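The values are calculated or read from the model by the stated rules, or taken from the named source; none is laboratory data. Every value quoted in this text rests on a predicted model; they were computed, and no experiment measured them. With ideal geometry, Cβ positions are generated from the backbone for all residues, glycine too; neighbour counts draw on all protein chains shown.
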Amino acid sequence: MTLPWKGGKISLIASAAEDRKAGFALCCATTLGTVAFSLLNPQIVRYTIDSVIGTAPLNAPAFVVRLIENIGGINLFRENLWICALFIIAVALFAELCNLVRNYTGLELGETVAWRLLNTLYAHIQKLPWNWHVSCQTGDIIQRCTTDVDNIRGFIQNNLSELMRTVCVFVIAVAMMFSMDVFMSLVALSLVPVILVFSVFYFRRVSQNFARADAAEGVMQAAAQENYTGVRVVRAFGREAYEVEKFKEKTKVHANIWIEIGKMLGFFWGAGDLLSGLQLAVVVGAGVFRSVQGELTPGTFLAFYAYCNWMIWPIRQLGRILSDLSKTFVAANRVREILAEEPETDPPNALYPQIKGEISFNRVTFAYGTGEPVLRDISFSLKPGETMAILGATGSGKSSLVHLLSRLYDLNKDCGNITIDGIDIQRIARSHLRKSIGLCLQEPFLFSKTIRENITASAGSIAMTELQSATSAAMVHDTIEGFAEGYNTIIGERGVTLSGGQKQRVAIARMLAGKAPVMIFDDSLSAVDTETDMRIRAALRHHVKDAATIIISHRISTLMQADKILVLKNGTVEDIGSHKELMEREGTYRRIFEMQTAGLEE
């Protein structure tokens, strides 16, 4: 489905329901039918009072007069007043039937639009670049995908057909009134311009406050989500009272905005009722005076009073509809802001090669945004089956290398290039490249599913023997078997029921199960003890012997058996070589080795 997201807010909603044109047309038709049948009854009452009960000539359209004459004339109705009552009941039933269909089609249309928008939003967010996710708050994104979409759905279900109904009622009622009495119609419309100007002014003011309320709700949800995610840290440092006060401040801001909106709504509704009451009073006064003077028949006066009520109703509804419309416009704009973000794309001639894992960085320089470069003139190569270790202080650019290799960020022009098997990675399809690179982070993310589902996330359905082979290499098989449900044990959100070391080992098993030709361990053994670290590394040498392996760590014991060790300092390559070669030269590697060795001996 192609959606013109860069159009207006109405375009956003209409595009999400582009295959529901028939349903929308039916909703419009039944809305018109509801109004037409509802406004027909006052005319029936008028003719019944003036021409059936009274003696006034039947001043009805020609086709109505002919129809009455063909079925027996006006005397038939005078002798059988129940026929008039039957007509009134029948017309009311047809109006309610149309209203029923209108409500049903509106409900279906609203659910369809919400379903499409939600799925489109979710799919679009999956394709947005990594730097967009880093710059956005999770709570705000969730709020846009839930509350804002619900606001759009609510308007379509409850107010879209009401807006059409309001316009139809006003137009038809005014037309009927002018057909009966021009002077009384002008009296009835005398306050309408005042009400319309007041409504437009109110619409602009309340729209701004709804935008503020949505933003405040996003901040509030982000704070709650952050607190729930970091509950361990909160409990560990006794920060419960502080977090409660911080959340109270955000909820107070949110509540104050809604109190301000409530005051505006109350003022508008009160003023609207006052103006509507004045309008009705003026009409009743003028109508009674003209009826006493004999210029207005009783039936016409009653019909006019009914139409005036019908005309006042949409004017009173206008406030609520404009209020909900402003919320919908704010919500649609917030949704459109996400959909307007450019997703990650591949060139039309993107490649899907069979990756073996020969990696080459050629004079790579990289900076985040317009800041200072975090990597400068980086060059190295790695062949399949080789292991390269990366050592460097915090902020030296270790993780940036990993981000560049998996294309979470792209290199700018004239900033070097990165190749795999001799192919520039910017020519390789992103999804294909990332499936070929196994990544295990220091703080792995585990889903609130079973251990089996978490491990097989990288490989899909695999045999139990392969699953156990991966967990055995990660030294976590015995731990899993010790759980009551084994591999079917459901772990908590983000793996909260597992220890830090267990989470890291499950994440390693997940990567090994994928059998990627390139495997990256980004300080992924930091939470395990030294003995377990040694056992895992020994098992990994056998399990990933054909893959190009990159290990990032601060432990020399983890790095020293690598084929080559890359030492980064301030974003540049300070040295590169094997453990033996680096120990023969003065530098950061030798200094850290001596410090860590001295610590172990002590």
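When you scan segment 450-464, do you find a residue that is assigned to a helix (DSSP H, G or I) and over 32 Å from the mean Cα position of the chain (by Cα), even just one?
yes
What residue, among those in segment 371-414 that are touching a residue at least 40 places away in the same chain (Cβ under 8 Å) and β-branched (Val, Ile, Thr), is farthest from LYS127 (Cα to Cα)?
In this case the residue turns out to be THR387.
Can you tell me which of ILE142, ILE74, ILE152 is assigned by TED's automatic domain parsing to the domain that holds THR31, farther than 30 Å from LEU58 by Cβ and at pLDDT below 85? Walk me through how you get there before you give the answer.
Working: ILE74 fails: farther than 30 Å from LEU58 by Cβ; ILE152 fails: at pLDDT below 85.
The conditions single out ILE142.
Applying the selection to segment 350-368, what residues are in contact (Cβ under 8 Å) with a residue 24 or more places away in the chain and part of a loop (DSSP other than H, G, I, E, B)?
Within segment 350-368, ALA350, TYR352, PRO353, ILE355, LYS356, GLY357, GLU358, TYR368 meet the criteria.
Residues that are under 47 Å from the mean Cα position of the chain (by Cα) and crowded, with 16+ Cβ neighbours inside 10 Å: does segment 81-93 have at least one?
For segment 81-93, residues under 47 Å from the mean Cα position of the chain (by Cα) and crowded, with 16+ Cβ neighbours inside 10 Å: present.
What number of residues in segment 329-343 are surrounded by 14 or more Cβ atoms within 10 Å (Cβ to Cβ) and assigned to a helix (DSSP H, G or I)?
Counting residues in segment 329-343 that are surrounded by 14 or more Cβ atoms within 10 Å (Cβ to Cβ) and assigned to a helix (DSSP H, G or I) gives 10.
Check off (1) over 22 Å from PRO384 (Cα atoms); (2) surrounded by fewer than 16 Cβ atoms within 10 Å (Cβ to Cβ); (3) in contact with a strand residue (DSSP E or B) (Cβ under 7 Å, 6 or more places away or on another chain) for ASN570 and give me the number that stays unchecked.
All conditions pass for ASN570, except number (3).
Report yes if some residue within segment 522-537 is in contact with a Lys or Arg (Cβ under 8 Å, 6 or more places away or on another chain), surrounded by 23 or more Cβ atoms within 10 Å (Cβ to Cβ) and under 22 Å from HIS403 (Cβ atoms); otherwise report no.
Yes, segment 522-537 contains a residue that is in contact with a Lys or Arg (Cβ under 8 Å, 6 or more places away or on another chain), surrounded by 23 or more Cβ atoms within 10 Å (Cβ to Cβ) and under 22 Å from HIS403 (Cβ atoms).
Here are HIS477, HIS432: which of them is at pLDDT 85 or above, surrounded by 18 or more Cβ atoms within 10 Å (Cβ to Cβ) and not acidic (Asp, Glu)?
On the way: HIS432 fails: surrounded by 18 or more Cβ atoms within 10 Å (Cβ to Cβ).
After ruling out the rest, the residue left standing is HIS477.
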